[in-house]
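The values are calculated or read from the model by the stated rules, or taken from the named source; none is laboratory data. Values in this document were obtained by computation on a predicted structure and should not be read as measured data. Cβ placement follows ideal geometry from the backbone for every residue including glycine, while neighbour counts extend to all protein chains displayed. Accessible surface is based on the protein model in full, side chains and every heavy atom, while ligands, DNA and RNA are left aside. Shrake-Rupley method; radii C 1.70, N 1.55, O 1.52, S 1.80 Å.
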Amino acid sequence: MSHDQSLNPETMPNEPEKATLEGKNKFLGFWFFLGGETVLFACLFGTFIALRNSTAGGPTADELFGLELVFIMTMLLLTSSLTSVYAVYHMRNNNFKKMQLWFGITALLGFGFLACEIYEFTHYITEYGFTFRSSAFGSAFYTLVGFHGGHVTFGLAWLIGLMFRNAKRGLNLYNAPKYYTFSLYWHFIDVIWVFIFTVVYLMGKVG
Amino acid sequence: MSIAAAQNRSFGAVLWDYLTTVDHKKIAHLYLFGGGFFFLLGGLEAMIIRIQLIKPENDFVSAGFYNEVLTMHGTTMIFLAAMPLLLGLMNAAVPLQIGARDVAFPFLNSLGFWLFLFGGLMLNCSWFLGGAPDAGWTAYTPLSTTSPGHGVDFYVIGLQIAGAGTLIGGINFLVTIVNMRAPGMTFMRMPLFSWTTFITSILILFAFPALTIGLFLLMFDRMFGSAFFDVGLGGNTIIWQHLFWIFGHPEVYILILPAFGIFSDVFSTFSKKRLFGYTAMVFATILIAFLGFMVWAHHMFAVGLGPVANSIFAIATMAIAVPTGIKIFNWLATMWGGSITINTTMLWALGFIPTFTIGGMTGVMVASVVADYQYHDTYFVVAHFHYVIVGGTVFGIMAGLHHWWPKMFGRILNETMGKLTFWTFFIGFHLTFFIQHFLGLMGMPRRYWVFLEDQGLDLGNLISTIGAFFMAFGVIVFLINIVYTAVKGEQAPADPWDGRTLEWTIPSPPPFYNFKQTPLSRGLDPLWIEKTEGKGEMTPAEPLGDIHMPNSSFLPFMISLGLFIAGFGFIYQVNHDWAYALLFGGMAVTLVSMLIRSLKDDHGYHIPKEELEGEAD
Amino acid sequence: MAENTNSKETNPFQKQKNRDEMQKQVISFAMMILFTIIAFVIVATDMMQEMFVVPVLLILAIVQVAFQLYYFMHLKDKGHAFAAVMFYGGVWAAALTLAALGVITWW
Amino acid sequence: MKGWMGRIRAVFLLGLTALVLSACGKENLTALDPKGYGADKSLDLIILSTVVMLFVLVVVMLVYTFVLIKYRKKKGQENYIPKQVEGNKTLETVWTIIPIILLLIIAVPTVTATFDLADESGANDHLNIQVTGNQYWWHFNYEGQEIQTSQDMYIPVGEKVYLNMKSSDVIHSFWVPTITGKMDVNPENENTMYIEAHEEGVYWGKCAEFCGPSHSLMDFKVIAVSQDEFDQWVQDMQNVNPDAEPESAVAQEGKALFQENNCMGCHAIGSSPVQVGPNLSDFGSRSKLAGVEELNKENLVQWIMDPESIKPGNKMTGNYPDVSKDDAGKIAEYLLQLKPSEITPESAKD
Ligand code: HEA
Ligand code: HEA
Ligand SMILES: [Cu+2]
């Protein structure tokens, strides 16, 4: 397409994600969206906090949760946050190959996280019979953690789409904002996870 | 694609144009017609309510049907009529007021509309599929979780889809106003309607997520067997009330703030005066929005939250009267010393002041906790909120429609019919709702299918119903006015009202690219400044050049349609396996459309400079 | 550089700046990991009185989220004023929601 | 304070009555003619806030009218351009401060009254009644008294009575406008409030939280009687013998049918805790049938045969065997003679 060319100047500016009006709009709009997401997750957290002792005779948080797996998941996700920072670093240095590489690592770590989560859920269901329907606590737990997991899944799909779509065409002013907003999204997922492991798992262990 | 669009197009072409448009002005038309349609529907439902209550123990409709009608009346009016109509006016006026060629995300703008429309259709499909939702527009659990049939499911899915559209619209306006203002159009020079749109969008952004989550929880309980509101399994029904009102109270300011903006512009235009206390008006708006998030539990005084919570929320609620009062007095001061023209637009604005003040007063009265133990869930509250919603939002929409109709459609609405509409509606309104304050105090709770004979409630209800017929008459005259204007109406010049702001500097209706050259604003009321300083037109801020335009797209329609189909899948998978086909099929349509959107680069097109030079102004 | 990347190099000054920035981000990452480990250790070893654990955990979480926001998500950079205002608006609404659901749902 | 309030209240009520043109106190339903502690408190605040609000409204309307008369565009002034005023700090301050003061005038008594009505400290020294809201009827369990009733709640006049309220299904709201404002009856949290009636009489109660198709028919009564009468009533109720044989032969047949059809699976007579349906101990002296209909045989037969026609969506429909008109008449006869006490709504009215 001829337009690609016109958006692909000789020198990339240092912040290619904000060089065009479209890019600026995307950047700002996405931050605003994250503001809304904050409220969204606050509602889920609030619901969870209100219902965390409503076990209806089923297993309690303390009985269910094991810290090892959660620690591994946390490390995976935190590291993936750093790798996406590396990717943006290379984007700003106009090094497309390395950017793709680091985003690729991010995706792998994300998949690792997701796999752990799926394992965790099946474990609870098969070992403890603890499901979405067993108690209000169960509903709140799976909904909160599941919403986060859903965000991770969506993020991975988004990232893979971006990487394949742009593999051949390199970095330009049209797709730089897309990569950048993805990285914001990914960090936000991490922020949410920090509160999940604190409020759901660690505080669940404390009682 | 080029701008050489054919002049006389076939119906099919026009339809296709509207189905795919990303032009904010056309999306405004869509919102107005969509919202207008639902307003008539909601009004029809209101008439059914009033006819049922014309006399004691009436049996015009059955108890179950009454509850459906009442639920759908509230839901339709709030989500499908008032908000879309306001979004329509915002789309029509705001980009023009700030000197922008379009909104920040034209594609999302169109997506927002189609989501709203399909959400609204979804909700109303329930009428034909076994019954509408019947748990009130507030859908309190566990009444809503235990309501039999699929009615409440339609409420859940319909609002979820429409709500997503609104959220998208909100973000779109936020970015538009932050990033797309023309040179010189600083924040403190923006017309008040643009300001209130901005603040309203913030409210949308932070309030709607609470509704989204509330609806998800309701959906999970009803369709997937979770136990959020199932007390037997440790659930808690108060959570819903909190989530609903954390959304719901800001929602009422989402409804009123844009109307405040419209009135500000109208008062200043028709008094030929600059808005008095512009800065105070802006900060009052911000303050209302800020406080608006801290008062939701005033809908829950009777729930039993305890005296501490009740007192805190009562005081926070009363505090909102202060910034609102600032606005009322500034409007009065704007007119003070002015040269007031009273036409239909201005009549709606003038009718608003006493009406809304009364509504606000009763608002403060219901905020007084112990008094609210009597008012709560009675017709006193019904009277309160119709005074603010109809007297504020609906009057505001009517004022806005008369004000911007020429800009949107190129024709001026007929004044005689306009005045007739105003007077019948205004008188009918007060007949209907003033008496309801007393009905409430005399012991008539709201959401009552029948009231009993000989309890002193007969006469008041009769008067109320008669008033509703006056309103219906006014609405019908307005419909005739629209048709008449479309056929025979007076052609509108660019600036029919001796306007003050940028939308009046371009032709009516504006060309699709809005401003041939982006205008330079030199202060508040930029056009007025140019008028008084003798020039009468704007100085361009840029030389004539190519204009970049977005491409039309059918994808927003498809994305929304997919969700619409999937919605039926979600509802019916509970008791029919075939529904999974709808669920997955619909989701596939949506996801594939989204995928196409993200994989296909869409850079828009340019209108070459030469072509623009050929166009007359 | 390889064929798919854009032709011109970023200028050396910017490059250095980016590198400094990256260094800070690696440090934030180290801090985040550290905080996480502390949080897990506190809970795993039962070393602290119950009364203190929850506030300490929350503070650790909030500090590490601040690192995410300010370094990883660049909220500290210029041009982020609006982003920050809106985001904190969300945080404010979120805090009210949490307070309400935490305190006044059971009595 | 009281006398001052009283006078304003009198004037206010006079005005209101004139306005509404009808006696607004029929059947002790109105909140404007309070006869109980809570309703008194509410009316005081209603009046106070109305007065303040009317003051504001008058100010706004005066300015409004003046502006419209004075500054309307006059003939021959078509081209007049008014002075473009930016604003005025002093005015701005004035209309910020004055409303704040007015609001404080309302806020302070509001908070005081809120805490007053939420005070539960006296619960142990007074009668406690466990109130259960059901779709679409009310149950009253006199704690520690072995008395269960439905629909009609008897209380001693001039005494605080504490209500501990919970719902068995959806949310309801307990409202007796003439005695006290409303409070929700939730399924998960028990709410406590106290009521106190100043005068003997029958007070109309309504469900004020949307609870389904028959929400508007979920009425109940509070019957305030003197302490002596109340004690009498308590004794009579405690003596109810569910097995007592009725006098008339028809009623005896009715009783047999009542048992045959297993009506007691849901309805208790006496102090049995069964409360799937209303307790029928004092059915014959109920103020109303099903809360809204006149209590007579004809209506009762209709209810027994087709409750749906009286209360749509009620929980009785479809949950018992078909009853012939004849049998229904006999059952009605039996139920209508269940009058354990001399103390009835009728007696309380005089
Ligand atoms: C457009 C919508 C809108 C607006 C603007 C408002 C505005 C206000 N509302 Fe209203 N409200 C609703 C829509 C709205 N409301 C709806 C829909 C419901 C019912 C929902 C349901 O249950 O279905 C409701 C219910 C509702 C309740 C719950 C009642 C109950 O269920 O028991 C309360 C309680 O506090 C309340 C208070 C207020 C207050 C204090 C304001 C204030 O913002 C008003 C401020 C304005 C003024 C006060 C007038 C102008 C000011 C002056 C002239 C200055 C001087 C004034 C003073 C000194 C007082 N509202
Ligand atoms: C924007 C919001 C809005 C608007 C504009 C209105 C407008 C009106 N409302 Fe309503 N109303 C609500 C929001 C609104 N309402 C809400 C939220 C509730 C609470 C619901 C609940 O409890 O859950 C409520 C509840 C409510 C009740 C209480 C019901 C009850 O508690 O039992 C009543 C009763 O009088 C009422 C009446 C009216 C009337 C007469 C109008 C009139 O102003 C309507 C005027 C319009 C017309 C009269 C249109 C007439 C048009 C035609 C006749 C043409 C038709 C032609 C075609 C379809 C082609 N409304
Ligand atoms: Cu509110």
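Overview of results
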{"quantity": "Sole residue being in contact (Cβ under 8 Å) with a residue 60 or more places away in the chain, more than 8 Å from ligand 1 (Cβ to nearest atom) and over 21 Å from the mean Cα position of the chain (by Cα), chosen from B:369, B:282", "calculated": "B:369"}
{"quantity": "Residue match in the stretch B:124-139 (condition: crowded, with 23+ Cβ neighbours inside 10 Å, more than 14 Å from chain D (Cβ to nearest Cβ) and either more than 16 Å from ligand 1 (Cβ to nearest atom) or within 21 Å of the chain's Cα centre (by Cα) (or both))", "calculated": "yes"}
{"quantity": "Index of the failed condition, residue B:216 passing every other in (1) more than 18 Å from residue B:133 (Cβ to Cβ); (2) open to solvent by 10 Å² or more (accessible area, probe 1.4 Å); (3) of a type in the set (Phe, Trp, Tyr)", "calculated": "(1)"}
{"quantity": "Residue B:238 more than 14 Å from ligand 1 (Cβ to nearest atom) and either open to solvent by less than 10 Å² (accessible area, probe 1.4 Å) or under 20 Å from the mean Cα position of the chain (by Cα) (or both)", "calculated": "yes"}
{"quantity": "Residue count for the stretch B:519-544, restricted to those that are open to solvent by 20 Å² or more (accessible area, probe 1.4 Å), part of a loop (DSSP other than H, G, I, E, B) and out of contact with any Ser or Thr (no Cβ under 7 Å at 6 or more places or on another chain)", "calculated": "8"}
{"quantity": "Hey, residue B:339 touching a strand residue (DSSP E or B) at 6+ places or on another chain (Cβ under 9 Å), over 30 Å from residue D:167 (Cα atoms) and open to solvent by less than 10 Å² (accessible area, probe 1.4 Å) or not", "calculated": "yes"}
{"quantity": "Evaluation of residue B:277 against (1) within 13 Å of ligand 3 (Cβ to nearest atom); (2) among the small types (Gly, Ala, Ser); (3) more than 23 Å from the chain's Cα centre (by Cα) (one fails), failing number", "calculated": "(1)"}
{"quantity": "Residue among B:424, B:416, B:345, B:355 that is part of a helix (DSSP H, G or I), without any contact (Cβ under 8 Å) to a residue 12 or more places away in the chain and either open to solvent by 10 Å² or more (accessible area, probe 1.4 Å) or more than 10 Å from ligand 1 (Cβ to nearest atom) (or both)", "calculated": "B:416"}
{"quantity": "Members of the stretch C:36-69 that are in contact (Cβ under 8 Å) with a residue 12 or more places away in the chain and under 18 Å from the mean Cα position of the chain (by Cα)", "calculated": "C:36, C:38, C:39, C:56, C:57, C:60, C:61, C:63, C:64, C:67, C:68, C:69"}
{"quantity": "Residue match in the stretch B:83-100 (condition: open to solvent by 20 Å² or more (accessible area, probe 1.4 Å), more than 13 Å from ligand 2 (Cβ to nearest atom) and either under 30 Å from residue B:539 (Cα atoms) or in contact with a Leu (Cβ under 8 Å, 6 or more places away or on another chain) (or both))", "calculated": "no"}
{"quantity": "Unmet criterion (only one of (1) at the interface with chain B (Cβ under 10 Å from one of its Cβ atoms); (2) surrounded by 21 or more Cβ atoms within 10 Å (Cβ to Cβ); (3) under 18 Å from residue B:216 (Cβ atoms)) for residue A:131", "calculated": "(2)"}
{"quantity": "Hits in the stretch B:277-318 - residues which are assigned to a loop (DSSP other than H, G, I, E, B) and either within 16 Å of ligand 2 (Cβ to nearest atom) or farther than 29 Å from residue D:85 by Cα (or both)", "calculated": "B:293, B:294, B:295, B:304, B:305, B:306"}
{"quantity": "All helices (runs of 4 or more DSSP H) inside the stretch B:17-123 with 2 or more residues being without any contact (Cβ under 8 Å) to a residue 60 or more places away in the chain and within 21 Å of the chain's Cα centre (by Cα)", "calculated": "B:24-52"}
{"quantity": "Subset of the stretch B:593-617 [part of a helix (DSSP H, G or I), of a type in the set (A, V, I, L, M) and either under 19 Å from residue B:154 (Cβ atoms) or open to solvent by less than 80 Å² (accessible area, probe 1.4 Å) (or both)]", "calculated": "B:594, B:596, B:599, B:612"}
{"quantity": "Residue B:426 vs. criteria within 15 Å of ligand 2 (Cβ to nearest atom) and not aliphatic (A, V, I, L, M)", "calculated": "yes"}
{"quantity": "Condition met for residue C:25 (more than 7 Å from chain A (Cβ to nearest Cβ) and modelled with pLDDT under 90)", "calculated": "no"}
{"quantity": "Qualifying residue in the stretch B:246-267 (condition: open to solvent by 10 Å² or more (accessible area, probe 1.4 Å) and more than 16 Å from ligand 3 (Cβ to nearest atom))", "calculated": "yes"}
{"quantity": "Residue D:84 vs. criteria facing another protein chain (nearest Cβ under 7 Å), closer than 20 Å to residue B:338 by Cβ and surrounded by fewer than 12 Cβ atoms within 10 Å (Cβ to Cβ)", "calculated": "no"}
{"quantity": "Qualifying position, being within 25 Å of residue D:219 (Cβ to Cβ), in a helix (DSSP H, G or I) and open to solvent by 60 Å² or more (accessible area, probe 1.4 Å), among D:252, D:259, D:302", "calculated": "D:302"}
{"quantity": "Residue within the stretch B:469-484 that is more than 16 Å from ligand 2 (Cβ to nearest atom), more than 14 Å from chain D (Cβ to nearest Cβ) and assigned to a helix (DSSP H, G or I) present", "calculated": "yes"}
{"quantity": "Total residues in the stretch B:583-611, condition closer than 30 Å to residue B:543 by Cβ and of a type in the set (Lys, Arg)", "calculated": "1"}
{"quantity": "Odd one out for residue B:233, checked against (1) surrounded by fewer than 24 Cβ atoms within 10 Å (Cβ to Cβ); (2) within 14 Å of ligand 2 (Cβ to nearest atom); (3) of a type outside the set (Ser, Thr, Tyr)", "calculated": "(2)"}
{"quantity": "Which listed residue is crowded, with 24+ Cβ neighbours inside 10 Å, over 24 Å from the mean Cα position of the chain (by Cα) and within 30 Å of residue D:212 (Cα to Cα), from B:456, B:443", "calculated": "B:443"}
{"quantity": "Matching residues in the stretch A:28-47 - criterion: being in contact (Cβ under 8 Å) with a residue 40 or more places away in the chain and either open to solvent by less than 10 Å² (accessible area, probe 1.4 Å) or small (Gly, Ala, Ser) (or both)", "calculated": "A:31, A:34, A:41, A:44, A:47"}
